[in-house]
Every structure is written in structure tokens, then in C-alpha cells.
Amino acid sequence: MKIDPAAKPFTAMAAVPTVIAALARRPRTTAALGLLTAGVTLFFRDPDRTPDHTPVSDPDVVLAPADGIVMHVGPPQAGIAPPGEWQQVSIFLSLLDVHMNRSPYGGRVIDVTHTPGRFLAAYRAESATKNERSEIIVERVVGGRPRRVVYRQLVGQLARRIVTRIEPGDEVATGARMGLMKFGSRMDVFVPPEVQLEVSKGNRAIGGETVLGRFPAADRS
């Protein structure tokens, strides 16, 4: 199983008490701490998804940026959306979910903005405006007309660091890896009103696989 390199310092820290217990010849404690070390490492697992093998050729599709439960679909929650008219899809990641993040839409990265903040529970609506977060704007020209999708990585009570591995000027593919959030979090995706959303609240999303919505195919002309 592929493990993201960001796991190394956390695995090392978790392994220290395991080694101490082993040297002290405490097999039960060693086994318990060993499971903890394995759990910390597995948090950073990075499984391949379809876009990693077959590039997404459909310019209309918007994919889930992360694994988790869809907690909001439809008009934006009050005071959360960027300026303009948008629809919002929010995904809550539990500690057991894969935390590798993916770009929901392909195109040129227009802006990446990191905002320091608090560490409220990610399922609370106010976390979107008060918690530490990174906002990414991606633009793509289809049929001579620009399309923009905005998405955010938000930390939660346990997530204490956002890793964003793209920057303005980069070209990112739909469903491509773009970063991760450490230890529980939330992702918000904002799409224009014309996008037909295909998920419902309570659905389970798989990053890089689940279709969140589609732009009208007529826009290709």
C-alpha cells in the first residue's frame, strides 16, 4: 500500500514508545503500541484511483476531492461562498477516511490562499469561515468560455495542518492529487449554478471517483 511521505515524522514519533516497550520486554504493551503506530501510518495511505491510470477526458465532470460523507448539497451556507453565484458541496472526512485530497476539476490554478484560523469541529457550518483553511481557484476554458471551480481544504478539531501541493500557474488535472489534511477535516467545493449536481446529503463520496456534478454538455461548443 502506498503511504504518503508526510507520514514519516508521525510514524517515527509513534514508534518511539513501541521500541521502548519492546526493549523493556513488555510484549502486550509492545503489541498495543505497535497497532497504534500502524494506525498512524495508515492514516497517510494513498491509494490509486481511476484518474491516476486513465486521465479524465470529459471537460464537464466535477469529481469528489476527498473520501467522506456529503454533509451539504445545494445553495451555499450563509456567509461561506466566494463572491458571485455558486452551489456548494461539502464533504466531511473522519479519522478513518483516506486524507489525500484531489482536484475536483481540471484547469489552470488561478489562486491559492491560505487563511490561519481556529480548529472547530469540521461538521459545524461556522468552521468554513473560522477554521484554518486553504482556498484554491481553478479555471478552464471550454468552448471559448471560462469555467471556474473553487474548493477549500478546512481543518477540524484534530486536523492541525493543511498540505497544499499546487500553486498559482500550475496546470492540474481533474481528480489529480493536490495535497492532504492531517487528522480529520472537511472539503468544500463551489460550482456555478448551471452545474447539475449528482450527489445528495448523506452519500458517501470517494475522492477522484464520485461524480459531484456536471457542466451542461452544450457548453463545449
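The values are calculated or read from the model by the stated rules, or taken from the named source; none is laboratory data. In this text, all values refer to a predicted model and were calculated from it rather than measured experimentally. As a convention, Cβ positions derive from the backbone with ideal geometry for all residues, glycine included, and neighbour counts pool all protein chains shown. Surface areas here come from the heavy atoms of the whole protein model, side chains and all, with no ligands, DNA or RNA. Shrake-Rupley method; radii C 1.70, N 1.55, O 1.52, S 1.80 Å.
Scanning the range 1-17 for residues that are surrounded by 13 or more Cβ atoms within 10 Å (Cβ to Cβ) and within 29 Å of G179 (Cβ to Cβ) returns I3, D4, A6, A7, F10, T11, A14, A15. Taking the numbered list (1) under 27 Å from V141 (Cβ atoms); (2) surrounded by fewer than 15 Cβ atoms within 10 Å (Cβ to Cβ); (3) in contact (Cβ under 8 Å) with a residue 12 or more places away in the chain in turn, L95 passes all entries but (1). Restricting the search to strands (runs of 3 or more DSSP E) fully inside the range 173-221 and requiring at least 3 residues that are modelled with pLDDT of 95 or more and surrounded by 15 or more Cβ atoms within 10 Å (Cβ to Cβ) gives 185-191, 211-214. Taking the criterion of being surrounded by 15 or more Cβ atoms within 10 Å (Cβ to Cβ), of a type outside the set (V, I, T) and at pLDDT 90 or above, the residues of the range 149-168 that qualify are Y151, R152, Q153. Taking the criterion of being open to solvent by less than 10 Å² (accessible area, probe 1.4 Å) and within 14 Å of the chain's Cα centre (by Cα), the residues of the range 68-90 that qualify are G68, V70, V89, S90. In the range 138-149, the residues that are more than 12 Å from I110 (Cα to Cα) form Cβ pairs under 6 Å with partners that are open to solvent by 60 Å² or more (accessible area, probe 1.4 Å) and of a type in the set (G, A, S), at six or more places apart or across chains, as follows: G143/S221.
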